[in-house]
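Engineer: Dropping the structure in here first, questions after.
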Ligand SMILES: *Cc1c(COP(=O)(O)O)cnc(C)c1O
């Protein structure tokens with residue numbers, strides 16, 4: 001590639017998706033003069049989620065964090081309860097339960113999908129265990145068949161952290177629609193976004209009425225609006241979990257284009273897979289243990305380096321060429337709050353190794369072929385390998 005072009009290219013790690021019609025839909029809401037929560041546009045978003053993800057009830061909320069917090073309230077998580085989850089996840093997965101006084105109990109991940117290792121879950125169950133929280137990392141589903149079997153036999157709740165997994169399928173069902181409750185994120189870094197947003201998917205009919213109350217500040221306003229009570233009042237705990245119609249308008253346009261957005265992202269993942277394959281064969285990098293273009297939704301693409309030092313050098317090498325690449329997570333079990341709130345004695349060898357060697361590459365809706373080629377060339381250059 002010629003030098004003057006290289007000087008002009010900058011590849012960010014992520015760019016929030018913009019379809020183009022979001023502004024028009026927001027103007028419609030402004031003209032309707034109804035801005036607060038749970039009105040027509042939010043309901044349209046919820047209908048979309050219910051019909052496309054085939055779940056009985058979807059509630060649009062302010063974030064996936066909010067959806068997880070609602071889930072913890074809904075299943076009455078109390079002090080000293082234990083909740084099983086991977087350590088390789090975002091803080092909200094644990095925080096939602098810690099806020100209720102519960103203890104997160106961490107379980108190591110599988111080296112292929114980087115999801116919770118279902119074969120280690122039973123060993124982590126005690127008399128205090130109340131729930132399992134599988135996280136569908138990178139939009140690839142956990143082994144839900146086994147997890148559901150365990151939860152049923154031990155009478156535990158399943159709350160899916162499907163923050164990254166919108167429209168991911170698992171045996172003809174959708175992520176978020178497999179457990180009792182599912183939580184989606186519409187944060188700007190996710191496939192479908194509205195800046196900050198999320199959804200709680202409710203697959204257990206017994207939880208729907210109370211979820212409406214918890215979402216609406218602990219009041220039975222939903223019953224008042226449908227005419228079944230003549231005034232609404234404080235009936236339970238709750239908070240303000242709903243977004244404004246202005247936010248839902250942005251989300252509505254993105255949902256209308258969700259399949260298309262995921263399709264485009266999956267093409268990018270596929271291109272990374274095929275063009276990095278040769279470098280993978282030299283052993284200088286390792287590709288994901290599963291084909292993310294097949295089992296995921298195009299949310300993330302990552303590679304593994306030999307060790308932390310090589311990764312730091314590659315990040316620096318790319319940064320000098322205006323490419324941003326990142327790694328995550330600092331495992332929760334080794335972070336300060338994780339050590340304070342959990343007492344998992346395990347060593348989490350897979351989690352630690354993955355966390356030390358993983359590198360996420362730039363991926364975003366609208367990423368140009370030449371931008372992606374530039375990233376791939378840069379990785380080959382770093383290792384002095386020809387493509
Ligand atoms: C993004 C993310 C969250 C948090 O989502 P917000 O909508 O920002 O609250 C939770 N869990 C996982 C696994 C995530 O990737």
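The values are calculated or read from the model by the stated rules, or taken from the named source; none is laboratory data. In this text the structure is predicted, and so the values were computed from the model without any measurement. Positions of Cβ are generated from backbone atoms using ideal geometry, with glycine treated the same way; all protein chains shown enter the neighbour counts.
Engineer: Which numbered condition trips up residue 194, out of (1) in contact with a helix residue (DSSP H, G or I) (Cβ under 9 Å, 6 or more places away or on another chain); (2) in contact (Cβ under 8 Å) with a residue 24 or more places away in the chain; (3) not in a loop (DSSP other than H, G, I, E, B)?
Structural biologist: It is condition (3) that residue 194 fails.
Engineer: Within the range 218-230, can one find any residue that is crowded, with 16+ Cβ neighbours inside 10 Å, part of a strand (DSSP E or B), at pLDDT 95 or above and more than 11 Å from the ligand (Cβ to nearest atom)? Don't jump to the end; show me each part of the working.
Structural biologist: Step one: list which residues in the range 218-230 are crowded, with 16+ Cβ neighbours inside 10 Å, which gives 218-223.
Then keep just the ones that are part of a strand (DSSP E or B); that gives 219.
Subset that is at pLDDT 95 or above: 219.
Those still in the list that are more than 11 Å from the ligand (Cβ to nearest atom) too: 219.
Yes: the range 218-230 contains one or more residues that are crowded, with 16+ Cβ neighbours inside 10 Å, part of a strand (DSSP E or B), at pLDDT 95 or above and more than 11 Å from the ligand (Cβ to nearest atom).
To keep it simple, each residue is scored yes or no on (1) within 16 Å of the ligand (Cβ to nearest atom); (2) within 30 Å of residue 287 (Cβ to Cβ); (3) surrounded by fewer than 24 Cβ atoms within 10 Å (Cβ to Cβ).
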| site | (1), (2), (3) |
| --- | --- |
| 89 | yes, yes, no |
| 93 | yes, yes, no |
| 96 | yes, no, no |
| 103 | no, no, yes |
| 108 | no, yes, no |
| 117 | no, yes, yes |
| 125 | no, no, yes |
| 130 | no, no, yes |
| 133 | yes, yes, no |
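Engineer: Further question on the same structure: From the list 254, 275, exactly one residue is surrounded by fewer than 20 Cβ atoms within 10 Å (Cβ to Cβ) and part of a helix (DSSP H, G or I). Which is it?
Structural biologist: Values: 254 fails: surrounded by fewer than 20 Cβ atoms within 10 Å (Cβ to Cβ).
Answer to the selection: 275.
Engineer: Taking only the range 53-79 into account, find how many residues are assigned to a strand (DSSP E or B) and within 13 Å of the ligand (Cβ to nearest atom). I'd like the intermediate steps shown before the answer.
Structural biologist: We begin by selecting, within the range 53-79, every residue assigned to a strand (DSSP E or B); these are 57-61.
Filter once more, so that each one left must be within 13 Å of the ligand (Cβ to nearest atom): 60-61.
Number of matching residues: 2.
This table checks each residue for (1) more than 30 Å from residue 129 (Cβ to Cβ); (2) at pLDDT 95 or above; (3) surrounded by fewer than 18 Cβ atoms within 10 Å (Cβ to Cβ); (4) touching a helix residue (DSSP H, G or I) at 6+ places or on another chain (Cβ under 9 Å).
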{"residue": "282", "(1), (2), (3), (4)": "yes, yes, yes, no"}
{"residue": "301", "(1), (2), (3), (4)": "yes, yes, no, yes"}
{"residue": "322", "(1), (2), (3), (4)": "yes, yes, yes, yes"}
{"residue": "325", "(1), (2), (3), (4)": "yes, yes, no, yes"}
{"residue": "344", "(1), (2), (3), (4)": "no, no, no, yes"}
{"residue": "365", "(1), (2), (3), (4)": "yes, yes, no, yes"}
{"residue": "375", "(1), (2), (3), (4)": "yes, yes, no, yes"}
{"residue": "379", "(1), (2), (3), (4)": "yes, yes, no, yes"}
{"residue": "387", "(1), (2), (3), (4)": "yes, no, yes, yes"}
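Engineer: Just give me the residues in the range 123-144 being over 22 Å from residue 293 (Cβ atoms) and within 24 Å of the chain's Cα centre (by Cα), in sequence order. It would help to see each step written out before you state the result.
Structural biologist: Within the range 123-144, the subset over 22 Å from residue 293 (Cβ atoms) is 123-133.
Of everything in the range 123-144, those that are over 22 Å from residue 293 (Cβ atoms) and within 24 Å of the chain's Cα centre (by Cα) turn out to be 124, 129, 130, 131, 132, 133.
Engineer: Just one of the numbered conditions (1) buried (at least 22 other Cβ atoms within 10 Å of the Cβ); (2) at pLDDT below 95 is not true of residue 69; which one?
Structural biologist: (2)
Engineer: Would you check which residues across the range 93-120 are under 18 Å from the mean Cα position of the chain (by Cα), part of a helix (DSSP H, G or I) and closer than 17 Å to residue 334 by Cα and list them?
Structural biologist: Across the range 93-120, the qualifying residues are 93, 94, 95.
Engineer: Mind listing just one residue for me: the one in the range 173-190 that is in a loop (DSSP other than H, G, I, E, B) and either modelled with pLDDT under 95 or within 11 Å of the ligand (Cβ to nearest atom) (or both) and, of those, surrounded by the most Cβ atoms within 10 Å (Cβ to Cβ)? Break it down into steps so the answer makes sense when it comes.
Structural biologist: Just the residues of the range 173-190 that are in a loop (DSSP other than H, G, I, E, B), to begin with: 175-180, 186-190.
Adding the requirement that they be either modelled with pLDDT under 95 or within 11 Å of the ligand (Cβ to nearest atom) (or both) leaves 186-190.
Numbers: 186: 29, 187: 20, 188: 14, 189: 16, 190: 23.
Looking at residues that are in a loop (DSSP other than H, G, I, E, B) and either modelled with pLDDT under 95 or within 11 Å of the ligand (Cβ to nearest atom) (or both), I get 186.
Engineer: Still on this model: Would you be able to tell me the number of residues in the range 23-37 that are crowded, with 18+ Cβ neighbours inside 10 Å and either more than 18 Å from residue 226 (Cα to Cα) or under 18 Å from the mean Cα position of the chain (by Cα) (or both)?
Structural biologist: Looking only at that region, the number is 3.
Engineer: Here's a follow-up. Among (1) buried (at least 20 other Cβ atoms within 10 Å of the Cβ); (2) in contact (Cβ under 8 Å) with a residue 40 or more places away in the chain, there is one condition residue 81 misses while meeting the rest; what is its number?
Structural biologist: It is condition (1) that residue 81 fails.
Engineer: Do we have any residue at all in the range 156-169 that's closer than 20 Å to residue 269 by Cα and away from the ligand (no atom under 13 Å from the Cβ)? Give the steps one after another, and end with the answer.
Structural biologist: To start, the set of residues in the range 156-169 that are closer than 20 Å to residue 269 by Cα comprises 162-169.
This time we only want the ones that are away from the ligand (no atom under 13 Å from the Cβ), so: 167, 169.
The answer is yes; a qualifying residue exists.
Engineer: Checking the structure you have, find out if any residue of the range 38-52 is at pLDDT below 95, surrounded by fewer than 22 Cβ atoms within 10 Å (Cβ to Cβ) and either under 21 Å from the mean Cα position of the chain (by Cα) or not in a helix (DSSP H, G or I) (or both).
Structural biologist: For the range 38-52, residues at pLDDT below 95, surrounded by fewer than 22 Cβ atoms within 10 Å (Cβ to Cβ) and either under 21 Å from the mean Cα position of the chain (by Cα) or not in a helix (DSSP H, G or I) (or both): present.
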